[in-house]
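Here's the structure, in structure tokens; my notes come after.
Derivation of every value follows stated rules applied to the coordinates shown; laboratory data play no part. Predicted model only: the values in this text are computed from it and were never measured.
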Amino acid sequence: MVADAETQLAQNPSLDTKHDAAGAKHPEASNDTKAGGNPQTGDRYEVAPEGAHSRLDRKDERNHGNALADAKRVEKLEEEAQAAHDEAIKHPTAIARAHGNEPSRGAKKDEEIIDDEEEELRKKDEAKKQSKEAHAHHKH
């Protein structure tokens, strides 16, 4: 039999009614109608004006060299993300294995198909190379 909230609180006065089991604040427990704010003080966070954090804003404190360095850093991060994405497409089981999980049958089948296609392309390239060598040899 489940007791109502008031009975539970009466039986356990140290019960935290403002947070759930994971420590998150219950929305109805807050007097503030808006979300957010400093959990220690309860003060609302100051909200930045629209566009305040634009990387391309030239009115900020960065000089041209710093802006270029930041652009190169962001470009490198984007290239790394693209490479990781391409690798994930090439090896569909890699993500599951990286997370310590058994890949799905579909991912295993996809990887098998990709491996078979790569092997077939490699054989075709080898055959083309041999064909070119044979034709070059007959011309002389």
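Starting from 0.36 nm per residue, how many nanometres of slack lie between Val47 and Asn63 once their C-alpha separation is accounted for?
Additional length available on full extension: 3.2 nm.
How long is the gain from Gln11 to Glu78 if the chain were fully straight, where each residue apart is worth 0.36 nm and the alpha carbon distance is subtracted?
Working it through step by step, the gained length comes to 18.6 nm.
Gain in length, Gln40 to Leu121, computed as 0.36 nm per residue apart minus the alpha-carbon separation, to one decimal in nm?
23.0 nm
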